[in-house]
Amino acid sequence: MNPLTCAQALTAARTHGLERLDAQLLLLHALGKPGADRAWLLTHDTTPLPEEAAQCFRELSLRRAGGEPLAYLVGSKEFFGLELQVDGRVLVPRPDTETLVEWALQQLALADMPASARVLDLGTGSGAIALALKKTRPALDLTAVDASSDALAVAAANAGQHRLPVHFLQSNWFENVNGPFHLIVSNPPYVADADPHLPALRHEPLQALTAGKNGLDDLRRIIEQAPAYLQPQGWLLLEHGYDQARAVCELLKQRGFAEVQSRADLAGTPRCSGGRWPDPAAGTGSQTAG
Ligand code: GLN
């Protein structure tokens, strides 16, 4: 049998139900080429595939058709301009989470924030948020925790690869953390235990996804405990589900946070909410907000 050409292999993958872009990226991966080389494919329709690459591509296509995230299959995901290594030990970083990073950077640019502000990332997973912040503001003093030692191994490897010094610590939320911090950020699990979207996420760690009956268990716990770890005037910024902004804002206000507000992701969905812990000495806590 003649070897398959690149174009024939891509067509075969499409018949397995793969998206065109996914098929292209997997074929490049099977050929040992970076994802940026898509132009190469356009000019090599009739190039025969070496048997080893064809076999590898077939296997990857079947796994993708079975729902494995593309990022796990190619072993990396771009987040905030950083190429991060990911596998089944961590959640795949989502573009939505860049909203949280951008908001955190805005708060860190406020006049009353020192350049070397202490920042805590709770539930760091692949390290995405902590590393994006550290890359953009190298003077920050970043601590990143996760309850999973597997996740911390992935995060520490990413930090090493990008030479971004971050203190990593195994901790179930605040358990082993020493405050206070100028800013606490978190993308905690927030999917409801019985959410109908969960089967589509079955290849990712459940521990990083679900949080009780309505998905609010971890958000509630973080909001409850955060004040003990915040500087006066410090910020707590949280990612949450598409329909949780109102509940999270309510929890923040009930706990005593000021300047409670939400930010929308690229799709216009309120995706993050946060607030400022008031300075008891300053009365209202908002005088220096700028
Ligand atoms: N945004 C993710 C999803 O719904 C969930 C991430 C999380 O629970 N923190 O696919």
State, to one decimal in nm, how far the label point of residue 147 lies from the label point of residue 5, with both points 7 Å from Cα in the Cβ direction.
5.4
Evaluate the relative contact order of the chain (contact order divided by residue number), counting alpha-carbon pairs under 8 angstrom at least 6 apart; express in whole percent.
14
Please work out whether the chain counts as rounded, prolate or oblate from its C-alpha gyration tensor, where a ≥ b ≥ c are the square roots of the eigenvalues and a/c under 1.5 means rounded, while otherwise a/b larger than b/c means prolate and anything else oblate?
prolate
Once you place label points 7 Å from the Cα toward the Cβ at residue 254 and residue 43, how far apart are they in nm?
6.2
Can you give me the relative contact order of the range 98-203 as a percent, contacts being Cα pairs under 8 Å and 6 or more apart?
30
Can you tell me how much longer the chain between residue 112 and residue 213 gets when fully stretched, taken as 0.36 nm per residue apart minus their C-alpha distance, in nm with one decimal?
32.5 nm
Mind checking the full-extension length gain between residue 172 and residue 206? Use 0.36 nm per residue of separation minus the Cα-Cα distance, one decimal, nm.
10.7 nm
Counting Lys and Arg as +1 and Asp and Glu as -1 over every other residue whose Cβ sits under 14 Å from the Cβ of residue 38, the net charge comes to -2
Just how far, in whole angstrom, is the range 226-251 from the range 96-129 if you go by their alpha carbon centroids?
13
Distance in nm between pseudo-label sites at residue 198 and residue 51 (7 Å out along the Cβ direction from Cα):
4.5
Counting only residues 5 or more apart in sequence or on a different chain, those whose built amide H sits under 5 Å from that of residue 234 are 277
So for each of 165-176, 4-15, 127-138 I average, over its residues, the number of other beta carbons within 10 Å; can you give me the resulting order with the highest mean first?
127-138, 4-15, 165-176
Span from the the range 44-65 Cα centroid across to the the range 149-174 one, whole angstrom:
34
Taking the convex hull of the Cα atoms, report for the range 146-271 its projected area averaged over all directions, in nm².
8.9
Starting from the alpha-carbon convex hull of the range 1-125, give the projected area averaged over all orientations, in nm².
9.9
Cα Rg, Dmax (largest Cα-Cα span) when computed across the range 51-147, Å:
17.0, 61
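Values quoted throughout were computed directly from the atomic coordinates according to the rules given, and no laboratory measurement underlies them. Computed from a predicted structure; not experimentally measured. Because the Cβ atoms are built from the backbone with ideal geometry, glycine has one as well, and the counts that use them run over all protein chains shown.
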